[in-house]
1. Tabulate in residue order the Karplus-calculated ³J(HN,Hα) for segment 24-30, using 6.51 cos²θ - 1.76 cosθ + 1.60 with θ = phi - 60°, rounded to whole Hz; enter x for Gly and Pro.
2. Order 211-220, 36-45 from most to least packed using the mean count of other Cβ atoms within 10 Å.
3. Give the calculated FRET efficiency between residue 52 and residue 305 to the nearest 0.05, with a Förster radius of 51 Å applied to their Cβ-Cβ distance.
4. Over the chain, what is the mean sequence separation of C-alpha contacts under 8 Å (at least six apart), divided by residue count, expressed as relative contact order in percent?
5. Kindly report the accessible area of the chain per residue (heavy atoms of protein chains, probe 1.4 Å, no ligands, DNA or RNA), in Å².
6. Pairs to check: 46/325; 33/344; 33/147; 252/335. Give those whose C-alpha atoms are more than 24 Å from each other in this structure.
7. Counting only protein heavy atoms and using a 1.4 Å probe, what share of the accessible area of segment 159-226 belongs to carbon plus sulfur, as a whole percent?
8. Leaving out ligands, DNA and RNA but keeping every protein chain, what accessible area does residue 54 have, in Å² rounded to the nearest 10, with a 1.4 Å probe?
Amino acid sequence: MKVIRLLPMLALLLPWSLYSQTVKYVPKHDELKYTFGGHPPVMSLKPGSILETWTEDCYDGAVKSPTDLPSKVAPIGHDNPQTGPFAIEGAEPGDILAVHIIDLQPARDYAISSSFPGFGALTGTDYTALLQEPLPEKVWWYEVDKKNWTVKYKSLAGNFSVDIPMNPFLGCIGTAPQRDEVRWTVVPEQFGGNMDTWEARKGTTVYLPVNVQGAMLYFGDGHLAQGAGEIIGTAVESALEVKLKVDLIKGKSISWPRMEDDEFLMAVGSYRPLEDAARIAFKELVMWLSQDFGFDIHDAYELVSQVAQADLTQIVDPNYTIVAKFPKKYLPVGKKAYGGIHEKLRH
């Protein structure tokens, strides 16, 4: 009886993050958001909560057949609709929001990719102004095979087809920007946003800066497959069923998004030109090793220089994105990021 009476008292002393309350939320279409920032929360989540929800594809769900051209059927300004924002209880500017992605599943039996006139890495754009005819708008329709975990590419000219392995990930994930800014959902920046990194997948913990009270977590732009650079301007785009867990890291802060999986520490840089995005990512990686793992900054610089890897995730958005990756096997023995929060959320 004494043990039973003590349990409620012990529960009051334990931090929120040790609990796993599951919350379900399915947004109505008119609840989707088209900017990061500028919105009240759709709900509040306690640190430690598991969220089960859904995201729309980058076309706002408007492309429903292979003959639909996005420029004709998708409303202007409705790119990359976001689910959220979710306020995280206790989150204050200067904290870190940890978002562990538990699972991502395709929500439909098809996915879409397309080329847009004036958008992409190998054509003239508003940012790369060239006096040439825009490339034509075309749509590629992918069949989703959940049994074999593939999507089927089919050429528009001829009869060529090939199966591509699926790797579902969130093209967009971020918090509200600083200073009450409101940013378009096609933009990646310090708050996260449209980073288009395939590392934002099942098993990864995404660390985001908290810039406003409650953090305000947004995510969307589901991808099922994507190559380096996302050069045509789109991935294999899909609505997703999303399951994730949120937590807070108090007493620490970051300037740019970071990520962690079982193999790598990762830092994200998003800017133009591309070399500045790379500089941001690698600087953040060096500073992470120096500040949190006991390395002299010059020693961290040298080690990152010799063992780091990098992903060129997209070179099509208003800012380009590089993910710098440090293999965790080279960390000092017993040292873990943020007290091992990735492992705690992972297991």
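1. 10, 8, 10, x, 6, 4, 6
2. 211-220, 36-45
3. Numbers: r = 42 Å, r/R0 = 0.82.
The pair residue 52/residue 305 has a calculated efficiency of 0.75.
4. Details: 886 pairs, mean separation 72.7, N = 347.
Across the chain, relative contact order equals 21 percent.
5. Values: 16250 Å² over 347 residues.
Spelled out: the 1.4 Å probe surface of the chain, per residue, equals 47 Å².
6. Working: 46/325 30 Å; 33/344 31 Å; 33/147 32 Å; 252/335 16 Å.
Exceeds cut-off: 46/325; 33/344; 33/147.
7. Working: 1030 of 2130 Å².
Summing carbon and sulfur atoms, their accessible area is 48 percent of the total for segment 159-226.
8. For residue 54, solvent-accessible area is about 50 Å².
The values are calculated or read from the model by the stated rules, or taken from the named source; none is laboratory data. Everything numeric here is computed off the predicted structure, so don't read it as measured data. Cβ sites come from the backbone with ideal geometry, for glycine too, and all protein chains shown count toward neighbours. Just so you know, the surface numbers come from the protein's heavy atoms only, side chains and all, with ligands and any DNA or RNA stripped out. Shrake-Rupley method; radii C 1.70, N 1.55, O 1.52, S 1.80 Å.
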